[in-house]
Amino acid sequence: MRIILLGPPGAGKGTQARILMEKEGIAHISTGDLFRENVKNKTVLGQQVESILKSGKLVPDQITIKMISERLDADDCKNGFILDGFPRNEAQAEALEKMLQEKGIKLDAVVQIEADDEKLVERISGRLTCSGCGEGYHDRFKKPQHTDSCDKCGATGKFTRRADDNEKTVRERLNVYHGQTKAILPFYEGRGMLKTVDGMAPMEDVTAQIEAVLKGGKGGDRPSSPRPGG
Ligand code: ADP
Ligand code: ADP
Ligand code: ZN
């Protein structure tokens, strides 16, 4: 399975991508995670992007596209992948299409996770991540079973909050989403690939909706008018 997860910051892309990754045994490629890893390891790329991430603006396309192209060549992508956070503007969507053609890879679907801006600020300000295994949590919506240890990997004292998960940066990221990222929806709609799910539903329901649209079930790209004779 080769899919793109699209949606505003906090919509649940990372949460759903990790579930799909485990269920399907495919790679989870998050551009945000890749950038943050580089910042943490103080690589040249990390130094180039650190202040951009803090601002909530997009990293230049050239840097982002090169990083994704290299990542898609890794062995763990052979079985399939979930792109989380890429593409985020029209130039990236076009570059991805060209890149996949060159690599001989076909995308199965683009899943848009819809969500309300006001609720997203609340989601993002409560976001916690285990730096041991990457599992995501939330102060209210997905508390770890024991306050300071990870349900998944058992690490203690490893919960972190992202430097860009503050209200000011979130507003900027939402502006970027509405101003640039949403513009790629018609690109995929025109190719008959766009499926939409309701990201405001509880996490398990969002997972079920994604599984349904990927199976070609309800929702997604079906015409709403009845079929002739049906
Ligand atoms: P994204 O990757 O789209 O930015 P995340 O998956 O990191 O979003 O989710 C943002 C925060 O909201 C996390 O703390 C996560 O635990 C929580 N969250 C994700 N999906 C839901 C949901 N359906 N309902 C409530 N909280 C959610
Ligand atoms: P969220 O989970 O809140 O949607 P991400 O972790 O995906 O956020 O992205 C964090 C930051 O990384 C973005 O605000 C942006 O600065 C940078 N970034 C991530 N993906 C891209 C991309 N495709 N193009 C440019 N910048 C990106
Ligand atoms: Zn963990």
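Residue order by solvent-accessible surface for Met67, Met1 is Met1, Met67, largest first, with ligands and nucleic acids left out and a 1.4 Å probe. Applying both filters, DSSP loop and at most 13 other Cβ atoms within 10 Å, to the trypsin sites (Lys or Arg not before Pro) of the range 169-214 gives Arg191. Think of each Lys and Arg Cβ as +1 and each Asp and Glu Cβ as -1; about the Cα centre, that makes the dipole of the range 1-123 roughly 300 debye.
Given Cβ point charges of +1 (Lys, Arg) and -1 (Asp, Glu) and nothing else, what value in debye, to the nearest 20, does the dipole of the chain about its Cα centre take?
Here the chain has a charge dipole of around 60 debye.
Considering all different alpha carbon pairs of the chain, the Kirkwood hydrodynamic radius works out to 18.4 Å.
With protein chains left intact and a 1.4 Å probe, residues in the range 1-142 average 48 Å² of accessible area per residue.
Per the 1.4 Å probe, what fraction of the accessible area of the range 101-190, in percent, lies on carbon and sulfur atoms?
It is 46 percent, rounded to a whole number.
Loop-located trypsin sites (Lys or Arg not before Pro) in the range 1-108 (DSSP state other than H, G, I, E, B) with a sparse environment of at most 15 neighbouring Cβ atoms within 10 Å: Lys42, Lys57, Lys78, Lys106.
Does the range 12-121 classify as rounded, prolate or oblate by the C-alpha gyration tensor (a ≥ b ≥ c root eigenvalues; a/c under 1.5 gives rounded; else a/b over b/c gives prolate, otherwise oblate)? In terms of gyration-tensor shape, rounded. How much of the pair distance distribution for the range 69-192 lies past 17 Å, counting alpha-carbon pairs only, in percent? Tail of the P(r) past 17 Å holds 68 percent of the pairs.
The values are calculated or read from the model by the stated rules, or taken from the named source; none is laboratory data. This is a predicted model, so every value here is computed, not measured. Every residue, glycine as well, gets a Cβ built from its backbone with ideal geometry; the counts of neighbours run over all protein chains shown. Accessible surface is based on the protein model in full, side chains and every heavy atom, while ligands, DNA and RNA are left aside. Shrake-Rupley method; radii C 1.70, N 1.55, O 1.52, S 1.80 Å.
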